[in-house]
Amino acid sequence: MARLTGTRPVATRRWGCAAAFLLLVLTVQAAQKADFSGDSTAATINHSLTLLQRLQELLQNGNSSDSVLRVRSAASDEPKVFHTHQLLLSLQSEVFESLLRNQSVVTLHEPPETAALFEKFIRYLYCGGVSILLHQAIPMHQLASKYRVWGLQRGVAEYMRTHLASESSQGHVVGWYHYAVRVGDAALQESCLQFLAWNLSAVLGSAEWGSVSVELLLLLLERSDLVLHSELELYTAVEGWLSRRQPEAPVAERVLRAIRYPMIAPSQLFRLQAQSAVLARHRGAVQDLLFQAFQFHAASPLHFAKYFDVNCSMFLPRNYLAPSWGSQWVITNPARDDRSTSFQTQLGPSSHDAGKRVTWNVLFSPRWLPVSLRPVYSDSVAGAIQPVRIEDGRPRLVITPAMSSPDFAGVSFQKTVLVGVRQQGRVLVKHAYSFHQSSDEAADFLAQADLQKRTSEYLIDNSLHLHIIIKPVYHSLIKVKK
C-alpha cells in the first residue's frame, strides 16, 4: 500500500496518474466510436482489458493514492483501509466527490453486511464491473444507493428482477419484496409480488413463508391470480403462518376473512371446524363466512345468486391446479404442426354442481397467420401470391366448450393458460394469459416466444408446458329483498 502523506500538494501531484488513466479510457472509447468512412485500411486497436487490469492493480497496490477510506463496522474492532484515488471515486459517486473535496482521509461507518462487500463496491468504481451472489444483492444495492452510484443501483435491481427464480436454501424473493417496499422500488416490488403469486405453492412449502409480513400476506390473499393446488392448501399454509407468528386478534381475523371458504368442499369445511385450533380460536370472526359457504354449496347457484351478491372475490376461484379445474398439456415439438386436445372440468365450485361436467376442446397452432398476413392472389405479372414467411405466423391457442347446456345459465367461464419454463433448474410459471367467455383465445398468446428454436426459453426439453384452468364465474340475475 502507498503511504498516505496527508498533504494536499503531494495529493495534487498524484492526480496526474489517475488523470492519465482517465484520458486513456476516453481515448480508447473515442477510437472505438470513430467513423472511418469506409476506409479499408482502418482498424481499431483495443487494449481496454489491459487498461482494466492496470486500474485493478492501481487499487490493489495503492499506487499514487491521494485519499484513504477507513471503513468501520460493529463486527470488527479494526477498520478496513482502502488507499484510493479521488478522481476515480468522484467520477462515479457525487457523495465521494463531496466527502473528499476538503479532506484526504474519510472514516465511514457501515453495517457488517455492507462492510463485508465494500471491497467489491470500490472495485466496481474502478473497473465498472462486479460479480454478486443472491445473498449479496441487498447489501450491494444499499451501498450503491447510499453513495449514489446510480449505474450500479440499476444493475443490482435488474439482477434481482431476473434472478427471482434462482434457488436458494432459505429463499430470497420475500426478503427482496420487503426490501423493495422499504426503498420504494415499485418495479422490483411488483416483479416479486407477481412471482410469488404465480408460484405460490413453491413458496408455501419453503422456509421463507414464515418471513412473510402481514402486509404482504394480505396483498397475496386479495389476489385472484394465485397459482396453487386448492384453497384448502392456502388455508393450511395461512394456519401455519398464524400459529408461528401469533399476531394480534384483529390481524388474525382479517387474514382468516380473506380465505375464500366457498371454494372449499363442505366435507373439508366440517373437518376444519372440528380440527383447526386457529379456526376454533377465531370462530366468531368468520362464522358468517362459513355459514354462507355452506349455503352456497347447498343451493343451486342460480337460486343462491338471487339472494346473495356473487360478484365479489369470495365466489371467484383462484388459479387452482387440481384436476377438477383444468388440465396440464405438454406439447412436444410445438413448432411442428397444429395440435388439439380435450378435457373436462366441474361446472362450478358449488357442491350442487359436483356431478356436472363441461368438456373443453383446445386447439394449438404454432404458426397461425392473421388475415393481414395471409397469402393474397394477384393478377399482376410480378407474381400470383405474396410471399409469406414462416416466422410471420404466431402461436395461437383456442379454447371452446364442446357443448351448451341450460346449466350454463348464470355462469360464465374465465380461461387461464399458465406457461411453465425451466429457470435455474426449476419449472416455474413465466406467463399467465386470461380471457373470458366472450373470447375463445388470448390475443397476445406467446407473442414474443420463438418456438422455432430448440433453445427457446419457453421450451423444456423441446416441449411447451401449459396448464389450462377454467374458472366458473357466477352472476347475480335477480335481486330478491331479504
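What are the residues in the stretch 316-359 that are under 28 Å from the mean Cα position of the chain (by Cα), touching a residue at least 12 places away in the same chain (Cβ under 8 Å) and open to solvent by 20 Å² or more (accessible area, probe 1.4 Å), if any? Please lay out each step first, then the result.
From the stretch 316-359, those under 28 Å from the mean Cα position of the chain (by Cα) are 316-335; that's our starting set.
Now narrow it down to the ones that are touching a residue at least 12 places away in the same chain (Cβ under 8 Å): 316-322, 324-335.
Hits for the stretch 316-359 are Leu316, Leu321, Ser324, Trp325, Ser327, Gln328, Trp329, Val330, Thr332, Asn333.
On the basis of being part of a helix (DSSP H, G or I), in contact with a helix residue (DSSP H, G or I) (Cβ under 6 Å, 6 or more places away or on another chain), in contact (Cβ under 8 Å) with a residue 24 or more places away in the chain and of a type in the set (D, E, K, R), does Glu113 make the cut?
Working: part of a helix (DSSP H, G or I): yes; in contact with a helix residue (DSSP H, G or I) (Cβ under 6 Å, 6 or more places away or on another chain): yes; in contact (Cβ under 8 Å) with a residue 24 or more places away in the chain: yes; of a type in the set (D, E, K, R): yes.
Yes: the conditions hold for Glu113.
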Item to check | Filter result (part of a loop (DSSP other than H, G, I, E, B), open to solvent by less than 70 Å² (accessible area, probe 1.4 Å) and without any contact (Cβ under 8 Å) to a residue 40 or more places away in the chain) within the stretch 420-470 | outcome: Ser439, Asp450, Ser456, Tyr458
Checklist entry - Are any residues in the stretch 297-315 more than 16 Å from Ala354 (Cα to Cα), open to solvent by 40 Å² or more (accessible area, probe 1.4 Å) and either touching a residue at least 12 places away in the same chain (Cβ under 8 Å) or in contact with a Gly (Cβ under 9 Å, 6 or more places away or on another chain) (or both), and if so, which ones? => result Lys306, Tyr307, Phe308, Asp309, Asn311, Ser313
Checklist entry - Quick one: Arg148 ticks every box in (1) part of a helix (DSSP H, G or I); (2) open to solvent by 40 Å² or more (accessible area, probe 1.4 Å); (3) in contact with a Ser or Thr (Cβ under 9 Å, 6 or more places away or on another chain) bar one, so which box is it? => result (1)
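Among the residues of the stretch 196-210, how many are in a helix (DSSP H, G or I) and either without any contact (Cβ under 8 Å) to a residue 40 or more places away in the chain or in contact with a His (Cβ under 7 Å, 6 or more places away or on another chain) (or both)?
To start, the set of residues in the stretch 196-210 that are in a helix (DSSP H, G or I) comprises 196-198, 200-204, 207-210.
In the following step, the residues that additionally are either without any contact (Cβ under 8 Å) to a residue 40 or more places away in the chain or in contact with a His (Cβ under 7 Å, 6 or more places away or on another chain) (or both) were identified as 196-197, 200-201, 203-204, 207-210.
The qualifying residues number 10.
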Next on the checklist: If I ask for residues that are crowded, with 16+ Cβ neighbours inside 10 Å and not in a loop (DSSP other than H, G, I, E, B), which ones from the stretch 277-288 would you list?
Outcome noted: Val278, Leu279, Ala285, Val286
Item to check | Of the criteria (1) in contact with a His (Cβ under 9 Å, 6 or more places away or on another chain); (2) of a type in the set (A, V, I, L, M, F, W, C); (3) not in a helix (DSSP H, G or I), which one Ala137 fails | outcome: (3)
Checklist entry - Is it the case that the stretch 171-194 has a residue that's modelled with pLDDT under 90 and in a helix (DSSP H, G or I)? => result no
Next on the checklist: Of everything in the stretch 264-289, what is farther than 16 Å from Leu234 by Cβ and either of a type in the set (A, V, I, L, M, F, W, C) or touching a residue at least 60 places away in the same chain (Cβ under 8 Å) (or both)? Give them in sequence order.
Outcome noted: Pro266, Phe270, Ala274, Ala277, Ala280, Ala285
Next on the checklist: Filter the stretch 151-170 down to the residues that are part of a helix (DSSP H, G or I) and either open to solvent by 10 Å² or more (accessible area, probe 1.4 Å) or more than 11 Å from His135 (Cα to Cα) (or both) and list them by number.
Outcome noted: Gly151, Leu152, Gln153, Arg154, Gly155, Val156, Ala157, Glu158, Tyr159, Arg161, Thr162
Item to check | Which numbered condition Leu117 misses (of (1) modelled with pLDDT of 90 or more; (2) outside the structural domain of Tyr159 (by the TED database); (3) of a type outside the set (Val, Ile, Thr)) | outcome: (2)
Checklist entry - Assuming Gln268 fulfils every condition listed in (1) within 16 Å of the chain's Cα centre (by Cα); (2) farther than 30 Å from Met140 by Cβ; (3) not acidic (Asp, Glu) apart from one, which condition is it? => result (1)
Checklist entry - Quick check, is Leu216 more than 13 Å from the chain's Cα centre (by Cα), within 30 Å of Ser145 (Cβ to Cβ) and not in a loop (DSSP other than H, G, I, E, B)? => result yes
Checklist outcome for this item: Within the stretch 87-105, the count of residues that are at pLDDT 90 or above, more than 34 Å from the chain's Cα centre (by Cα) and either part of a helix (DSSP H, G or I) or closer than 24 Å to Ile138 by Cβ (or both) comes to 4
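Residue under question is Ser224, and the condition is that it be of a type in the set (Ser, Thr, Tyr), within 22 Å of Val310 (Cβ to Cβ) and out of contact with any Phe, Trp or Tyr (no Cβ under 9 Å at 6 or more places or on another chain); does it hold? Steps first, answer last, please.
Numbers: of a type in the set (Ser, Thr, Tyr): yes; within 22 Å of Val310 (Cβ to Cβ): yes; out of contact with any Phe, Trp or Tyr (no Cβ under 9 Å at 6 or more places or on another chain): yes.
So Ser224 passes the test.
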Checklist entry - Going by the structure shown, is Ala274 of a type in the set (A, V, I, L, M) and open to solvent by less than 60 Å² (accessible area, probe 1.4 Å)? => result no
Checklist entry - How many residues are surrounded by 15 or more Cβ atoms within 10 Å (Cβ to Cβ) and under 27 Å from Ile468 (Cα atoms) if we restrict to the stretch 230-265? => result 16
Checklist outcome for this item: The one condition Ser405 fails out of (1) modelled with pLDDT of 80 or more; (2) open to solvent by less than 50 Å² (accessible area, probe 1.4 Å); (3) over 27 Å from the mean Cα position of the chain (by Cα); (4) not β-branched (Val, Ile, Thr) is (1)
Next on the checklist: Restricting to the stretch 92-129, give me the number of residues that are surrounded by 18 or more Cβ atoms within 10 Å (Cβ to Cβ) and either farther than 25 Å from Glu78 by Cα or in contact with a Cys (Cβ under 9 Å, 6 or more places away or on another chain) (or both).
Outcome noted: 2
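The values are calculated or read from the model by the stated rules, or taken from the named source; none is laboratory data. None of these values were measured; they are calculated from a predicted model. In this analysis, Cβ positions are derived from the backbone assuming ideal geometry, glycine residues included, and neighbour counts consider all displayed protein chains. Accessible surface is based on the protein model in full, side chains and every heavy atom, while ligands, DNA and RNA are left aside. Shrake-Rupley method; radii C 1.70, N 1.55, O 1.52, S 1.80 Å.
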